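Report on the following structure.
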Amino acid sequence: MACERYKVSLADAALGELEPAPEAELRAHLENCAACRAAFDAERRLVAAIDWGVAASVAAEPSPELAARVRQRIEAVRVPARPWFAGSWIGRWVPAAAGALVVLALVTMWLARREPARPGTPESAKNVPSQHHSQSGARVPDESVTPRVRPVGSAAGSRRPHIVRKVVLKAAEAEVLVPPGQREAILQLYEAVRSRRADAASLLAKRGSLEPVALKIAPLEVAALDLDSKPLEAASDH
Amino acid sequence: MQELAICCTGSVVKLDAESTSDIDREFEQRLADCSTLAFRVAMGVLHNREDAEDVAQETLLRAYKNFYRLRERERFRAWLARIAWRLAVDRWRATARRERREVAAAETPPSLTVEELATRSEFQQHLERAMDELPEKLRLVLILAAIEGHNLREVARLAGLPQGTVKSRLHLARKQLAEKLKWLARDTKLA
């Protein structure tokens, strides 16, 4: 009965894994029990043989040619030159950053195509009525050029109908649209007023009151219809 | 001369042609020091010299290819041991499957040569079979502890495990081997 109690601890003791107190107790039992002592000796020999065998299984030396063969294979697959950032966090983020930049560039290009032309850009210059500077510096639209304001929805102007609408001119560059053929006259008048050779107030007074004058429209006179004349179809035949 | 980028203790160092040769020399030194470790880990799993040499070659080649990724150079041995272990276990599994398929009824593993059979003791053959039957996590610490008399701390560092885990696993591995081979002790073949 006592031997059964020590049966488990025999193996642990043989493995050298028994705690000091139980081991001392076991040793005391082995002093008086030949059967358990024999079992313990057998267990110890087994463990020693296992330890020796395991060590022997890994104690072999590699052949002298191993290193040479490894060098040969390394030469065959020598690591290609790597950029300095390979293996670092930079190396890991470079592809992601490059991808983000490409996306950003594409979005920017797309937005640029949708964005209206701004004054001063070549595109806006194309769409603003051409102007010329007079000798005095006043800017007057060229009468020979029709402003390129296209009706919204027209075939030609449907792509960017808002371009001209968004052109903002400075107050100092106010433009005057003049009837065809009166450009030179208006310019001369402008210069005369500007150089005070002509009095603007008197010119306006000569024009008369700016109050709207009611139109007088004479009533239409419609001749009475002659119902006895020939029918219209017959008349139109002639 | 090629250019390698080597990471040292977390920092990136760009190597010129001259320092690349230094790195080659460093790897050459490690190759001399650690090729035996790789071979022995493989040998502990495979119990066959030719297979172990193949695995050791593959291990060292992989180590060379990925050397620049290893930030902590002092962990080279542990890193190498784990590569060798993984490759050896993969080879062992493939071999075991093939052998089971081809020679299911064979008494002894066919990978052993006549010379090996003649020189091996019966006990050693039984022991190696018993080792093969151990769970991998137990086998790993058993083999690492057997190589070059590594102590618990060294095995823990090589296996990347806490020392307490290594100790309990090592104990369990030896105990299971003893139970598997107890019948040999009863037959007094070890007397």
Exercise. If you check B:Leu37, B:Leu31, which single one turns out to be within 7 Å of chain A (Cβ to nearest Cβ), part of a helix (DSSP H, G or I) and of a type outside the set (Val, Ile, Thr)?
Worked result: B:Leu31
Exercise. Within the stretch B:49-93, can you find the residues that are in contact with an Asp or Glu (Cβ under 7 Å, 6 or more places away or on another chain) and surrounded by fewer than 20 Cβ atoms within 10 Å (Cβ to Cβ)?
Worked result: B:Val89, B:Arg91
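Here is a yes/no grid of residues against (1) in contact (Cβ under 8 Å) with a residue 12 or more places away in the chain; (2) within 7 Å of another protein chain (Cβ to nearest Cβ); (3) crowded, with 19+ Cβ neighbours inside 10 Å; (4) assigned to a helix (DSSP H, G or I):
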{"site": "A:Leu10", "(1), (2), (3), (4)": "yes, no, yes, yes"}
{"site": "A:Ala13", "(1), (2), (3), (4)": "yes, no, yes, yes"}
{"site": "A:Pro22", "(1), (2), (3), (4)": "yes, no, no, yes"}
{"site": "A:Ala39", "(1), (2), (3), (4)": "yes, no, yes, yes"}
{"site": "A:Val47", "(1), (2), (3), (4)": "yes, yes, yes, yes"}
Exercise. For the stretch B:66-133, which fully contained helices (runs of 4 or more DSSP H) count at least 1 residues that are modelled with pLDDT of 90 or more and not assigned by TED's automatic domain parsing to the domain that holds B:Thr36?
Worked result: B:122-133
For this session: Could you check how many residues of the stretch B:57-74 are free of Cβ contacts under 8 Å to residues at least 60 places away in the same chain and either over 16 Å from B:Glu28 (Cβ atoms) or not small (Gly, Ala, Ser) (or both)?
Result: 10
Exercise. With (1) under 20 Å from the mean Cα position of the chain (by Cα); (2) at pLDDT below 90; (3) surrounded by fewer than 18 Cβ atoms within 10 Å (Cβ to Cβ) as the list, and B:His150 as the residue in question, which single condition is left unmet?
Worked result: (3)
Seminar exercise, completed: Those residues of the stretch B:153-191 which are charged (D, E, K, R) and modelled with pLDDT of 85 or more amount to B:Arg153, B:Glu154, B:Arg157, B:Lys167, B:Arg169, B:Arg174, B:Lys175, B:Glu179, B:Lys180
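The values are calculated or read from the model by the stated rules, or taken from the named source; none is laboratory data. The structure displayed is predicted, hence computed values, not measured ones. Cβ atoms come from the backbone with ideal geometry, glycine included; neighbour counts cover every protein chain shown.
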